[in-house]
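Heads up, the thing below is written out as structure tokens.
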Amino acid sequence: MTKQSFLGRVEALGTTEATDSQAGTDEVAAVERAVREHAAAIGATHAGLTDATDAVRALQAQLDDAREAAGEWAAKAMSMRRRSEEAHVADRPDEAARLAAMAEADEAHQRDHEQQADALQARLAAQQQSVAMTRARLTGLQDRFDELQKLRRTLAGGRRS
């Protein structure tokens, strides 16, 4: 005798008239329970998807801010380097050294923000992958839920006959 899945047994029961009303009642109850469980799982997965999507938006905003800050520090460093060169050409070595030190500090800030952006980019990619997987799971749950509801209607129609 071959093994038959629960869904296969229930579908077979739904397409043929059951001779044992107790077995039919048990199968209907099992389908009802599965429908309720899938509905709850869909709700929980949908809530998780909403949270994950919100996290993607927050990470994207943080990434944009880090990139913008890195760009601002790069512009400041470039300005300090230019002013340092001008002071050097104008034979003001103390001012040139002070401006060069400021440029180095600005470049350090730029690197910090670039490193933050790199770390945020990695987290964002992982979170986006999580969202995609959760969406796929939700789609699978919804498809299975639709199958169970169809099966429930089939069983209910068979019991009325």
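List of remarks:
- Residue tally, condition basic (Lys, Arg) and touching a residue at least 12 places away in the same chain (Cβ under 8 Å), over the range 80-97: 2
- Under the condition of being assigned to a loop (DSSP other than H, G, I, E, B) and not hydrophobic (A, V, I, L, M, F, W, C), the residues counted in the range 73-131 number 2.
- Within the range 22-79, the set of residues being over 30 Å from Asp112 (Cβ atoms), in contact (Cβ under 8 Å) with a residue 60 or more places away in the chain and under 29 Å from the mean Cα position of the chain (by Cα) comprises Ala34, Val35, His38, Ala39, Ala41, Ile42, Thr45, His46, Gly48, Leu49.
- Ala156 satisfies every condition listed in (1) surrounded by 15 or more Cβ atoms within 10 Å (Cβ to Cβ); (2) within 30 Å of Val31 (Cβ to Cβ) except (1).
- Qualifying residue in the range 132-148 (condition: among the small types (Gly, Ala, Ser) and farther than 30 Å from Ala41 by Cα): no
- Inside the range 80-114, residues that are of a type in the set (Val, Ile, Thr) and either surrounded by 14 or more Cβ atoms within 10 Å (Cβ to Cβ) or within 40 Å of the chain's Cα centre (by Cα) (or both) make up a count of 0.
No lab work stands behind these numbers, since they all come straight from the coordinates. What you see is a predicted model, and the numbers here were worked out from it, not measured in a lab. Ideal geometry is used to build each Cβ from the backbone, glycine not excepted, and the neighbour counts take in all protein chains shown.
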